[in-house]
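The values are calculated or read from the model by the stated rules, or taken from the named source; none is laboratory data. Keep in mind that what you see is a predicted model, and the values were worked out from it rather than measured. A quick note on method: Cβ atoms are made from the backbone with ideal geometry, for glycine too, and the neighbour counts reach across all protein chains shown.
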Amino acid sequence: MTAPIAEADGVDALLRIRDLNVGFSGRNGTLPAVRGLDLHVSRGEVLGVVGESGSGKSLGMLASLGLQARNALVSGSVRFKGQELIGRPRRELRALRGAQISMIFQDPLSSLNPVMTVGDQIREALYLHNRQMTKQKATQRVLDLLRLVAIPQPQGRINQYPHEFSGGMRQRVMIAMAVANDPELLVADEPTTALDVTVQAQIMLMLRDLKDKLGLALVLITHDLGVVAGHADRVAVIYAGRVVEEAAVRELFADPRHPYTRGLIASIPKLTMSEDKLYSIPGAPPMLGALPGGCAFHPRCAYAQDVCRKVEPPTHRVGTHKSACHFAASLPAWNGGLGAAAPENGAND
Amino acid sequence: MALVQTTRTRFQLPDWATPTFIVGGLVVLAWLAATAFPYWLAPHDPLELAGRRLQGPSANYLLGTDALGRDVFSRMIHGARHSLPIALIVVTSAVVIGAGAGAIAGYRGGLIGAAIMRLVDITLSFPPMLLAMAVAASLGPGLGNAGIAMVVVWWPVYARLMRAQVLEVREREHVEAAVAAGAGHFRILTKHILPLCWTPILISATMDIGQVILLAASLSFIGLGATPPTPEWGAMISDGATYFYSWWIAFGPGMAILTVVLGFNFIGDGLRDYFDPRSSK
């Protein structure tokens with residue numbers, strides 16, 4: 001289940017992002033929203049991308065597919081199946097999007113066109129990448145897709161509008177659209193955030209199931225560590241536009257090697273907890289325009305030393321982890337975020 | 001079939017059929033009938049000089065006769081044929097041109113968008129009547145030229161409306177999703193943006209039909225629209241203005257304009273109430 005980290009850092013990965021920078025030019029110079037993002041996803045793998053709102057996790061993924069806002073400045077390298085995407089003509093990117101790389105968005109109601117029937121929308125997704133498809137064949141494929149995402153009575157549903165669907169059903173429709181053209185990579189941007197908890201579980205199981213059935217790679221962008229723990233193979237934690245830690249999911253939760261990751265895991269409320277107050281990382285995420293010098297996390301970090309304030313830490317390799325902390329190797333032993341007295345039980349729940 | 005049939009005791013009108021809408025619709029329908037079948041509805045030929053001059057209303061000449069002895073009532077009915085189609089064509093052309101320009105300006109933005117919107121600003125900075133007069137005068141008299149002049153005056157209104165709509169809809173997530181699905185600009189604009197933009201334009205266009213009829217009549221009144229002996233309402237009022245004591249000459253076409261404009265405004269009001277329930281009451 002745990003995919004090994006490729007030695008050369010994902011040279012043969014399906015998608016490989018290297019030193020991706022996304023900035024917005026403002027009145028006071030460029031605001032760096034993504035700063036040197038390094039990521040890779042391999043076939044058949046689920047990569048969880050975790051971070052707070054505004055950490056640049058969505059923006060980084062969107063920008064690597066050429067979906068950034070018009071005023072964004074993008075640099076770096078994004079290779080999909082060995083081909084560079086940054087700087088590719090829009091037309092070629094368009095042919096790639098929705099065909100080999102698909103996306104699912106957070107809110108399935110606003111992501112569906114309210115004045116088009118669900119059937120027409122899925123048919124459009126097919127038509128966009130295969131103009132020769134006959135209407136009959138397309139309709140047959142739409143029905144198959146709706147069955148694939150377990151929508152009951154697809155024949156009746158095909159002519160309905162998005163508002164006639166429940167939240168979970170809408171997300172299933174979005175997923176059906178996303179996998180319509182047998183993509184190799186599926187980027188799910190907070191796919192369950194707008195859904196209630198029981199539906200969340202169904203959708204996540206379905207995504208995993210589809211991943212296995214269709215053999216696709218899945219990038220799961222989320223701020224929900226529970227979703228990541230349950231469904232990702234590998235996790236990248238993003239802070240202030242940069243990957244601060246990356247490891248296989250079990251190892252990340254068992255022995256986080258970056259203070260930020262530790263803070264995140266410690267913030268998860270636990271049933272066994274007796275304290276009245278929930279833990280939270282002190283301070284707030286930095287403003288883009290006023291990133292602290294050195295390590296971006298140092299003002300909130302309990303382990304911060306002088307070097308953290310002056311030098312931006314390079315990415316260290318600690319065992320199978322990659323961690324952007326000066327003290328990645330020398331952090332004190334991890335106790336599962338339960339306080340000093342608590343037993344060590346590995347927070348892989 | 002275990003469905004329970006809800007009992008409906010009375011015939012119920014559909015939601016959109018508000019009283020204003022129905023009244024407006026009936027009035028407009030009546031005038032459309034006059035447009036379609038004037039020879040059936042009018043008792044006399046509009047150009048026939050048979051009657052005596054400046055006769056008051058009578059059983060034979062319901063609204064009297066004008067200075068040349070033509071039946072005012074018949075001319076009023078025939079006038080619909082010269083006012084309604086022009087108004088519909090003008091509004092349709094203005095919507096097509098304006099909405100098209102507005103959609104491009106809203107979606108593309110940039111230099112082209114700015115150029116379109118400055119042109120809109122410039123056009124709207126003239127008093128509409130004055131601009132229409134200037135254009136019509138330079139093209140020469142005639143209903144067709146008056147129509148062109150009115151399109152020139154009217155398209156910027158729809159361009160502004162459409163641009164505002166597109167700017168708002170463009171940012172919606174389903175548009176982003178369509179981009180992510182690999183859709184091109186044309187498809188995004190025509191399938192994912194424009195279908196959500198039409199409501200305010202439809203409402204405003206309905207109301208504007210009345211305004212355009214008024215403007216066309218005004219242009220004809222000052223001699224820049226229909227040329228004699230065309231029984232156009234504005235021109236007829238202009239004729240009647242010289243014969244102050246024969247009030248019926250201007251009364252007929254005046255009432256025609258009043259009812260048509262009112263009718264279209266009622267329909268527009270009804271549509272707005274239906275599409276945007278917040279604005280009523």
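Mind listing just one residue for me: the one in the range A:97-123 that is without any contact (Cβ under 8 Å) to a residue 24 or more places away in the chain and assigned to a helix (DSSP H, G or I) and, of those, nearest to the other protein chains (Cβ to nearest Cβ)? Before the answer, list the steps.
First, the residues of the range A:97-123 that are without any contact (Cβ under 8 Å) to a residue 24 or more places away in the chain: A:110, A:120, A:123.
Going one step further and asking which of them are assigned to a helix (DSSP H, G or I), we end up with A:120, A:123.
On the way: A:ASP120: 9, A:ARG123: 12 Å.
The residue in question is A:ASP120.
Of the set (1) more than 14 Å from every other protein chain (Cβ to nearest Cβ); (2) without any contact (Cβ under 8 Å) to a residue 60 or more places away in the chain; (3) on the phi < 0 side of the Ramachandran plot, all apply to A:ALA150 but (3).
Yes or no, residue by residue, for (1) modelled with pLDDT under 85; (2) surrounded by 13 or more Cβ atoms within 10 Å (Cβ to Cβ); (3) assigned to a loop (DSSP other than H, G, I, E, B):
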{"position": "A:LYS277", "(1), (2), (3)": "yes, no, yes"}
{"position": "A:CYS295", "(1), (2), (3)": "no, yes, yes"}
{"position": "A:PRO299", "(1), (2), (3)": "no, yes, no"}
{"position": "A:VAL307", "(1), (2), (3)": "no, yes, no"}
{"position": "A:PRO313", "(1), (2), (3)": "no, yes, yes"}
{"position": "A:ARG317", "(1), (2), (3)": "no, yes, no"}
{"position": "A:LYS322", "(1), (2), (3)": "no, yes, no"}
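Taking the criterion of being more than 12 Å from chain B (Cβ to nearest Cβ), over 30 Å from A:ARG16 (Cα atoms) and in contact with a helix residue (DSSP H, G or I) (Cβ under 7 Å, 6 or more places away or on another chain), would at least one residue in the range A:173-188 satisfy it? No, the conditions are met nowhere in the range A:173-188. State yes or no: is A:ARG35 in contact with a Gly (Cβ under 9 Å, 6 or more places away or on another chain), assigned to a strand (DSSP E or B), among the basic types (Lys, Arg) and farther than 18 Å from A:GLU184 by Cα? The answer is yes for A:ARG35. Among the residues of the range B:223-254, which ones are surrounded by 15 or more Cβ atoms within 10 Å (Cβ to Cβ), of a type in the set (Val, Ile, Thr) and closer than 13 Å to B:ASP66 by Cβ? Of everything in the range B:223-254, those that are surrounded by 15 or more Cβ atoms within 10 Å (Cβ to Cβ), of a type in the set (Val, Ile, Thr) and closer than 13 Å to B:ASP66 by Cβ turn out to be B:ILE237, B:ILE249.
Which residue out of A:VAL74, A:VAL50 is more than 14 Å from the chain's Cα centre (by Cα), away from chain B (no Cβ under 14 Å) and buried (at least 16 other Cβ atoms within 10 Å of the Cβ)? Within the list A:VAL74, A:VAL50, the selection yields A:VAL74. With respect to the conditions (1) under 23 Å from A:LEU14 (Cβ atoms); (2) surrounded by 19 or more Cβ atoms within 10 Å (Cβ to Cβ), A:ILE122 falls short on a single one, namely (1).
Mind checking whether some residue in the range B:227-249 is assigned to a loop (DSSP other than H, G, I, E, B), within 20 Å of B:ILE86 (Cα to Cα) and under 16 Å from the mean Cα position of the chain (by Cα)?
If we filter the range B:227-249 for residues that are assigned to a loop (DSSP other than H, G, I, E, B), which is where we start, we get B:227-232, B:242-247.
Subsequent filtering for residues that are within 20 Å of B:ILE86 (Cα to Cα) retains B:227-232.
Checking which are under 16 Å from the mean Cα position of the chain (by Cα) leaves us with B:232.
Scanning the range B:227-249, I find at least one residue that is assigned to a loop (DSSP other than H, G, I, E, B), within 20 Å of B:ILE86 (Cα to Cα) and under 16 Å from the mean Cα position of the chain (by Cα), so the answer is yes.
Find all pairs meeting these conditions: Cβ atoms under 6 angstrom apart; at least six residues apart or on different chains; first residue within the range B:6-24 and within 24 Å of B:THR206 (Cβ to Cβ) and at pLDDT 75 or above; second residue among the acidic types (Asp, Glu) and assigned to a helix (DSSP H, G or I). Within 6 Å, the pairs are B:THR18/B:ASP273; B:THR20/B:ASP269.
Which of the helices (runs of 4 or more DSSP H) contained wholly in the range B:97-201 include at least 3 residues that are in contact (Cβ under 8 Å) with a residue 60 or more places away in the chain and either under 20 Å from the mean Cα position of the chain (by Cα) or within 14 Å of another protein chain (Cβ to nearest Cβ) (or both)? Spell out how you get there, then give the answer.
Values: elements: B:110-124, B:128-139, B:143-170, B:173-180.
Fully inside the range B:97-201 and qualifying: B:128-139, B:143-170.
Do we have A:LEU143 as more than 27 Å from A:HIS223 (Cα to Cα) and either in contact (Cβ under 8 Å) with a residue 60 or more places away in the chain or not assigned by TED's automatic domain parsing to the domain that holds A:ALA63 (or both) here? Reasoning before the result, please.
On the way: more than 27 Å from A:HIS223 (Cα to Cα): yes; either in contact (Cβ under 8 Å) with a residue 60 or more places away in the chain or not assigned by TED's automatic domain parsing to the domain that holds A:ALA63 (or both): no.
Considered against the rule, which asks whether it is more than 27 Å from A:HIS223 (Cα to Cα) and either in contact (Cβ under 8 Å) with a residue 60 or more places away in the chain or not assigned by TED's automatic domain parsing to the domain that holds A:ALA63 (or both), A:LEU143 comes out as no.
Scanning for something within 13 Å of another protein chain (Cβ to nearest Cβ), closer than 21 Å to B:TRP155 by Cβ and under 27 Å from the mean Cα position of the chain (by Cα), does the range B:209-222 turn up at least one residue? No, the range B:209-222 contains no residue that is within 13 Å of another protein chain (Cβ to nearest Cβ), closer than 21 Å to B:TRP155 by Cβ and under 27 Å from the mean Cα position of the chain (by Cα).
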